[in-house]
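**Student:** First the structure, which I've put down as structure tokens, then a few questions once you've had a look.
Values in this text are rule-based calculations from the coordinates and carry no lab data. A quick note: this is a predicted structure, and the numbers were derived from the prediction, not measured. Note that we place each Cβ from the backbone using ideal geometry, even for glycine, and neighbour counts take in every protein chain shown.
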Amino acid sequence: MHGYDLLVVGSANADLVIGVDRRPGAGETVLGSGLSVHPGGKGANQAVAAARLGARVALLARVGADAHGELLLESQRAAGVDTVGVLVGDGPTGVAVITVDGAGDNSIVVSPGANARLAPQDIRAAGSLLAAARVVSVQLEIPAETVAEVTRSLAPGARLVLNASPPAALAPEVLAACDPLVVNEHEALALLGGHPAGDSTDPGTWASALLSRGPRSVVVTLGAAGALAAGRHGTFTVPAPRVTVVDTTGAGDAFTGALAWRLSTGDGLEAAVRYAVRVGAAACAGAGAQSSFPRAGDAEGLGEGP
């Protein structure tokens with residue numbers, strides 16, 4: 001009997017968000033419209049996204065013994081996430097500085113803080129959490145050796161969802177465990193650096209090339225165009241429903257959290273991607289990351305894309 005639908009292993013950051021008319025270029029200074037602080041980080045975001053949809057979720061992460069750490073713990077508990085795996089101390093809480101322009105697009109710089117200290121021994125010490133999860137979701141805002149330890153520590157029959165963000169080289173053993181590997185367009189091209197497929201503008205070509213490197217399945221998120229997925233049953237594209245975009249911050253995390261949860265319930269890849277596309281679109285219709293994540297009924301009400 002699994003105690004959790006989903007265990008998220010990853011980052012927890014305080015998001016420092018600044019609104020701008022346009023994002024600055026190299027060497028350029030622009031004026032912002034204020035500063036707000038929100039709970040964030042890819043791991044924390046994905047855990048909250050899944051919990052709001054009804055999943056039984058636990059988070060394994062590190063935060064500092066500071067005000068930002070308290071903010072993150074409170075947001076997880078408020079969403080219904082089990083924080084027994086959140087380790088406190090050993091450095092300040094990670095911080096992300098985010099600029100959001102008038103079109104809702106963002107640029108993000110992350111200072112990892114305590115996230116960089118989530119170590120392989122922390123994964124080994126959390127064996128009971130890993131044993132209790134149907135699906136484990138991980139991202140790359142924590143050390144590569146810690147991600148590798150997660151793949152080695154999966155319970156028999158557990159499924160790994162890996163969001164390769166920010167993009168980094170992945171060991172063969174990690175790639176082989178991904179089911180799916182989740183990337184956006186920029187991350188797909190970064191992982192394909194030097195591969196002929198990287199010269200293509202076709203997401204299907206990218207997905208096929210990434211599949212050849214060992215993952216069991218690949219999902220490429222395409223922003224307003226939806227998502228493309230490839231696996232043993234072929235390749236398919238899911239269009240996104242049209243929404244009025246307020247802020248895209250966290251939309252990818254909402255997508256991945258929803259995808260991982262639906263896979264844990266027994267959905268096939270296509271059904272899970274279709275649901276996750278609706279959740280990601282719904283998240284774009286509100287400001288901030290976690291504050292914009294939908295409840296189950298909100299996402300289902302959007303229907304399919306055009």
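**Student:** Across the stretch 7-12, in residue order, what do the Karplus-derived ³J(HN,Hα) couplings come to in whole Hz, using 6.51 cos²θ - 1.76 cosθ + 1.60 with θ = phi - 60° and x for Gly and Pro?
**Tutor:** Per-residue couplings from phi come out as 10, 9, 10, x, 8, 9 Hz.
**Student:** Tell me, what HN-Hα J-couplings in whole Hz come from the Karplus equation 6.51 cos²θ - 1.76 cosθ + 1.60 at θ = phi - 60° for each residue of the stretch 182-191, using x for Gly and Pro?
**Tutor:** Residue by residue, the stretch 182-191 yields 10, 9, 8, 4, 5, 5, 4, 5, 5, 5 Hz.
**Student:** Taking amide H positions as placed 1.01 Å from N in the peptide plane, with prolines and chain starts having none, which residues 5 or more places from LEU87, or on another chain, fall under 5 Å of its amide H?
**Tutor:** Correct list: ALA61, ARG62, VAL63.
**Student:** So, one more: Relative contact order for the stretch 76-129 using alpha-carbon pairs under 8 Å, separation at least 6, rounded to a whole percent?
**Tutor:** Working: 43 pairs, mean separation 16.7, N = 54.
31 percent.
**Student:** Please list, in order along the stretch 57-69, the HN-Hα scalar couplings obtained from phi with the Karplus expression 6.51 cos²θ - 1.76 cosθ + 1.60 (θ = phi - 60°), rounded to whole Hz, x for Gly and Pro.
**Tutor:** Along the stretch 57-69, the couplings run 10, 10, 10, 10, 7, 10, 10, x, 7, 8, 5, 5, x Hz.
**Student:** Also, quick follow-up: Check which residues have an amide H placed less than 5 Å from ARG159's amide H, if you skip close sequence neighbours.
**Tutor:** The list, which skips near neighbours in sequence, is VAL135, VAL136.
**Student:** Among 191-199, 79-87, what's the highest-first ranking by average C-beta atoms within 10 angstrom per residue?
**Tutor:** Details: 191-199: 13.6, 79-87: 19.1.
Result, highest mean Cβ count within 10 Å first: 79-87, 191-199.
**Student:** Order these by the 10 Å Cβ neighbour count, fewest first: CYS284, CYS178. Spell out each step's value before the answer.
**Tutor:** Working: CYS284 21, CYS178 26.
If I rank by nearby Cβ atoms, fewest first, I get CYS284, CYS178.
**Student:** While we're looking at this one, here's another question. Quick check on the chain: helices-only [θ] at 222 nm, where DSSP H runs of length 4 and up contribute -39,500 (n - 2.57) each and the sum goes over total residues. Nearest 500, please.
**Tutor:** On the way: 11 runs with 102 residues, N = 306.
My calculation for the chain gives -9500 deg cm²/dmol from helical runs alone.
**Student:** Based only on other Cβ atoms within 10 Å, what is the fewest-to-most ordering of ASP247, ASP179? Walk me through the numbers before you get to the answer.
**Tutor:** Numbers: ASP247 24, ASP179 18.
Ascending Cβ contact count within 10 Å gives the list ASP179, ASP247.
**Student:** In the stretch 148-227, what % of DSSP beta bridges are antiparallel (nearest 5)?
**Tutor:** Numbers: 1 of 8 bridges.
Of those bridges, close to 10 percent are antiparallel.
**Student:** Going by average Cβ density within 10 Å per residue, which order do the peptides 261-267, 237-243, 166-172, 32-38 take, highest to lowest? Could you put the intermediate results ahead of the total?
**Tutor:** Working: 261-267: 21.1, 237-243: 17.3, 166-172: 14.6, 32-38: 12.7.
Final packing ranking: 261-267, 237-243, 166-172, 32-38.
**Student:** Please list, ordered by chain and number, the residues whose modelled amide H lies under 5 Å from the amide H of ASN184; skip anything fewer than 5 residues away on the same chain.
**Tutor:** Amide H to amide H, under 5 Å and 5 or more residues apart or across chains, ASN184 pairs with THR221.
**Student:** Sorting check: for 90-102, 219-231, which peptide has the highest mean count of neighbouring beta carbons within 10 Å, and how do the rest follow?
**Tutor:** Taking the mean over residues of other Cβ atoms within 10 Å, the ranking is 219-231, 90-102.
**Student:** Of the options GLY94, TYR4, ASN106, report the single residue whose Cα projects farthest towards the positive end of the charge dipole of the chain (beta-carbon charges: Lys, Arg +1; Asp, Glu -1).
**Tutor:** Positive-end residue among those listed: TYR4.
**Student:** Among bridges DSSP assigns within the chain, what percent are antiparallel (round to 5)? Could the numbers behind the result be given before it?
**Tutor:** Values: 22 of 55 bridges.
Of the beta bridges lying entirely in the chain, close to 40 percent run antiparallel.
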